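Participant: To start, I am sharing the structure in question, which I have written as structure tokens.
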Amino acid sequence: MSSLSLASSASITIPTGPVTPPEPPSVEGQRLTASTLKPTFETLGPSSSSTRVSCFWESSVGERLWDRYSNATSWNYTPPTFTHSIAQSQISGGGHGVFATQDIDAGEVVIEERSLLVTFGFTPERRDRELEERILAGMSVEGRKAFLSLGNAFESSEGKVFGRVLTNGIGIGTLEGSKMEGGYVAVAEHIARVNHSCRPATSWRFDSTNFTLQLRALQPITSGSEITTSYIDILLPSSSRQSELRRKYGFTCSCTACTLPPASRELKYSDMSRSLLKTWAKNNGYDVHEKELRAWVSRASSMDGKDREKEDMKMIDRYLNMARTMEREQTWPADVWTRVLQPLVKVYCALGDKENAILWARVAEHLAKVATGHDEGWSKVAENPERSDWWGLVF
Ligand SMILES: [Zn+2]
């Protein structure tokens, strides 16, 4: 009988969480075509002065989302919350950015605000003046003013509403209950002004119970530094990131990852690291790790001395290298870290290495809170790794 049977006496399961990582922003310039959808649109959702979110959904595909979301508990309008002092300021090379004017700890909420508009992540074929006015009418007077004050990189081609959606929208993925293929987009006044970085200081999250967007610090932000977030898939190589940002948003990124000297070893290393993380997320599901870890546990149990040490180190290195790669690149995509930190914590627990099990469970706890607002079960593991179902499997 292998030592795997120890699992049955433990009470804490090492989580995979967050189970469904939030989708990356995906505001594509694609169009609805009249051949696939009838050009009948309906503006649904709260539009009284107490709620302020304009929601624009496609009725001909049977989107009855308002039925679902009208029961949201907190539709009363709440002004944006700035947990910390932040300021908008000019950045070098023109344009504006949002800066911290006091220190912000990792994991803390930086901005929380109700969306001004929630709609699809593409421009509908029919976008005449009347439709634009109906969408704008769904906003309060202040909301409309805030929306129209946002930048518009596509005014001439997409108009005053959808041009701003494409310029400022955050891809929030599919709304629960939606029949639409492709995702929805939320536009919020202050979060829209936060600039992009491929080493983002914050991560955003959409709460569908009240249509608010929340920006949380991924890492400590010191007073005076710029608050940034990511608009695109930051695991792409730098040249692809630059061309995507130019195409979609019309700017060139000058973050520390993008300004590494061209053709330098550092830039190649950064691109290679990100590609490694991307491949990892694609090829390594939880089941793959589970199989590998279980195989290691049964192998290691029958080994000793140098051979055993080598086996254990191989297992630690496999996951620790990926965690260190994310640390070095200052990027923690949810679909990658969950697939790295879960097995890493399992390895340390199996070896009875309390210090490292706690260390990485705390990192997972912090990242889970940033991604979902909850610890997703990681706090319990960090507090009591000895009670996890992997503890001491290869003592
Ligand atoms: Zn960049």
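Every number in this text was worked out from the coordinates using simple rules, so none of it is lab data. Predicted model, so just to flag it, every value in this text is computed and none were measured. Ideal geometry is used to build each Cβ from the backbone, glycine not excepted, and the neighbour counts take in all protein chains shown.
Participant: Assuming a viscosity of 1.002 mPa s and a temperature of 20 °C, what translational diffusion coefficient in µm² per second does Stokes-Einstein assign to region 136-182, Rh being the Kirkwood radius over Cα pairs?
Facilitator: 177
Participant: Using the Kirkwood radius over C-alpha pairs as Rh, can you work out the diffusion coefficient of region 211-339 via Stokes-Einstein at 10 °C, viscosity 1.306 mPa s, in µm² per second?
Facilitator: Details: Rh = 17.4 Å.
Using the Kirkwood radius from Cα pairs, D works out to 91 µm²/s.
Participant: Follow-up. Can you flag which of Lys278/Lys369; Lys278/Lys380; Lys160/Lys268 are past 32 Å Cα-Cα?
Facilitator: From the list (Lys278/Lys369; Lys278/Lys380; Lys160/Lys268), the Cα-Cα distance tops 32 Å for Lys160/Lys268.
Participant: At 10 °C and 1.306 mPa s, what whole-number value in µm²/s does Stokes-Einstein give for the translational diffusion of region 225-301, with Rh from the Kirkwood sum over Cα pairs?
Facilitator: Stokes-Einstein gives a translational diffusion coefficient of 106 µm²/s.
Participant: Separate question: Whose amide H sits under 5 Å from the amide H of Phe251, counting only residues 5 or more places off or on another chain, with H placed in the peptide plane?
Facilitator: Sorted by chain and number, the residues that satisfy this are Arg246.
Participant: Report the calculated FRET efficiency for Asp304 and Ala153 (r = Cβ-Cβ distance, R0 = 56 Å), to the nearest 0.05. Can you show the working numbers first?
Facilitator: Values: r = 64 Å, r/R0 = 1.14.
Calculated value: 0.30.
Participant: Next question. Mind checking which lysines have their Cα closer than 30 Å to the Cα of Lys306? Skip sequence neighbours fewer than 8 apart in that chain.
Facilitator: Once the sequence-local lysines are set aside, what remains near Lys306 is Lys291, Lys314, Lys346, Lys354.
Participant: Can you give the local net charge around Arg308? Use residues other than it whose beta-carbon is closer than 12 angstrom to its beta-carbon, Lys and Arg +1, Asp and Glu -1.
Facilitator: Value of the local net charge: -1.
Participant: Quick one: which residues, 5+ away or cross-chain, put their amide H under 5 Å from the amide H of Leu117? H built at 1.01 Å from N.
Facilitator: Residues meeting the amide H criterion: Ser54, Val187.
Participant: Something else now. Given region 314-381, report the % of alpha carbon pairs whose separation exceeds 20 Å.
Facilitator: Percentage above 20 Å: 21.
Participant: In whole Hz, what ³J(HN,Hα) sequence does region 160-175 give by Karplus (6.51, -1.76, 1.60; θ = phi - 60°), x for Gly and Pro?
Facilitator: 6, 8, 6, x, 6, 4, 5, 6, 10, x, 10, x, 9, x, 7, 7
Participant: Okay, next question. So if each residue of separation counts as 0.36 nm, and I subtract the Cα-Cα distance between Arg134 and Ser243, what length gain in nm does that give? Present the calculation step by step, with values, prior to reporting the outcome.
Facilitator: Working: separation 109, 0.36 × 109 = 39.24 nm, distance 3.43 nm.
Between Arg134 and Ser243, full extension yields an extra 35.8 nm.
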